[in-house]
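In what follows, a structure is listed as structure tokens, so that the remarks can point back to it.
The values are calculated or read from the model by the stated rules, or taken from the named source; none is laboratory data. All figures in this text were calculated on a predicted structure; none of them were measured in a lab. In this analysis, Cβ positions are derived from the backbone assuming ideal geometry, glycine residues included, and neighbour counts consider all displayed protein chains.
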Amino acid sequence: MSAGGEGHGTKAVVAALIANAAIAVAKFVGFLVTGSSAMLAESVHSVADSGNQGLLLLGGKRAKKEADEQHPFGYGRERYFWAFVVALVLFSLGGLFSLYEGFHKYEEAHDGGELTSPIVAIVILVFAIIAEAFSFRTAIVESKKVKGDQSWWHFVRRAKSPELPVVLLEDLGALVGLLLALVGVVLAALTGDLVWDALGTMAIGILLLVIAVFLVIEMKGLLIGEGGTATQVGQIRTALVDGSAVTRIIHLKTVHLGPDELLVAAKIAVAPDLSVAQLAAAINEAEGRVRGAVPIARTIYLEPDLYRTPA
């Protein structure tokens with residue numbers, strides 16, 4: 001897949017930010033009216049998601065800073081760092097808070113009590129589901145433009161641009177969480193037992209923790225440094241060797257400096273009879289072929305050598 005997709009990711013992030021901000025306000029109103037712990041958990045979840053989208057936009061902006069002496073390869077990995085922070089926020093503020101609130105409400109449920117105006121909570125949750133569905137649809141549409149023929153699972157696992165996978169998983173988690181909250185509120189209203197509301201809250205917490213842990217693992221890999229895809233590496237290998245000046249690749253390494261920039265470092269075997277001028281020209285031509293084949297290969301270091309058959 002294309003490692004980029006920044007513009008598509010930004011559109012999905014903005015759509016999610018607008019939806020989550022509106023949903024958060026509605027959910028808080030619902031919590032204040034009904035006292036539902038599931039509504040409170042979902043309110044905090046939406047606030048966390050809104051903050052997360054702000055962090056993703058911040059990461060995208062900071063990643064555009066020009067390279068300087070202290071960061072000679074630029075700031076492209078800022079997008080990975082802020083996506084990692086998003087996963088931590090989702091884990092702590094979203095998942096852990098929901099679990100805490102759920103256990104707290106579970107203990108209170110044994111002391112009696114009932115939901116106040118549950119119909120208000122149901123109406124707000126239905127509104128939130130509709131709004132979240134529009135945000136999720138935007139993320140899907142924008143993701144389809146860059147995911148190619150990959151499955152959704154492979155797209156989320158292999159994407160080098162963090163914004164779209166993060167928003168996709170956040171929106172999916174939000175939709176499932178809203179359905180869990182709706183089930184908990186409806187069952188609590190029908191049975192008069194707040195335990196169902198508490199169980200719905202705890203289910204939301206577990207869901208958010210699973211998504212957060214998955215995102216932490218994926219973003220950790222990108223922060224440490226991942227190489228190009230097998231397709232990109234194959235294209236680079238093919239482009240480097242022209243059969244005359246560059247005869248073979250001795251070894252090749254790639255690493256993402258950011259979602260849209262790939263560093264290529266290779267030791268290449270060159271013809272032994274090249275002059276200095278011819279060697280310089282051959283290297284420049286090889287770099288041009290690589291950039292033509294893989295446009296995100298913007299930083300290229302080639303070390304010429306003579307190939308020696310192993311003894």
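Being surrounded by 20 or more Cβ atoms within 10 Å (Cβ to Cβ), over 15 Å from the mean Cα position of the chain (by Cα) and under 28 Å from V156 (Cβ atoms) narrows it down to one of L90, L125, so name that one.
Working: L90 fails: over 15 Å from the mean Cα position of the chain (by Cα).
Answer to the check: L125.
Of the residues K105, K145, only one is modelled with pLDDT under 85, among the basic types (K, R) and under 26 Å from the mean Cα position of the chain (by Cα); which?
Numbers: K105 fails: under 26 Å from the mean Cα position of the chain (by Cα).
Exactly one of K105, K145 is modelled with pLDDT under 85, among the basic types (K, R) and under 26 Å from the mean Cα position of the chain (by Cα), namely K145.
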When every residue in segment 51-87 that is assigned to a loop (DSSP other than H, G, I, E, B), among the small types (G, A, S) and in contact (Cβ under 8 Å) with a residue 12 or more places away in the chain is compared, the one nearest to A21 (Cα to Cα) is A63
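Counting only residues that are free of Cβ contacts under 8 Å to residues at least 60 places away in the same chain and not hydroxyl-bearing (S, T, Y), which one in segment 178-202 is farthest from G35 (Cα to Cα)?
First pass over segment 178-202, keeping only residues free of Cβ contacts under 8 Å to residues at least 60 places away in the same chain: 179, 183, 187, 190-191, 196.
Those still in the list that are not hydroxyl-bearing (S, T, Y) too: 179, 183, 187, 190, 196.
Details: L179: 18, V183: 16, L187: 15, L190: 16, W196: 14 Å.
Per the criteria, the residue is L179.
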In segment 141-172, the residues that are within 19 Å of E226 (Cα to Cα) and either surrounded by 23 or more Cβ atoms within 10 Å (Cβ to Cβ) or basic (K, R) (or both): K147, R157, R158, A159, K160, S161, P162, E163, L164, P165, V166
H251 is checked against (1) over 30 Å from K61 (Cβ atoms); (2) crowded, with 20+ Cβ neighbours inside 10 Å and fails just one. What number does that condition carry? (2)
Can you name every one of the strands (runs of 3 or more DSSP E) wholly within segment 220-311 that holds 3 or more residues which are of a type outside the set (S, T, Y) and either touching a Lys or Arg at 6+ places or on another chain (Cβ under 6 Å) or under 20 Å from R79 (Cα atoms) (or both)? 246-258, 261-270
Take segment 132-160 and flag every residue that is more than 28 Å from I23 (Cβ to Cβ) and among the hydroxyl-bearing types (S, T, Y). S151
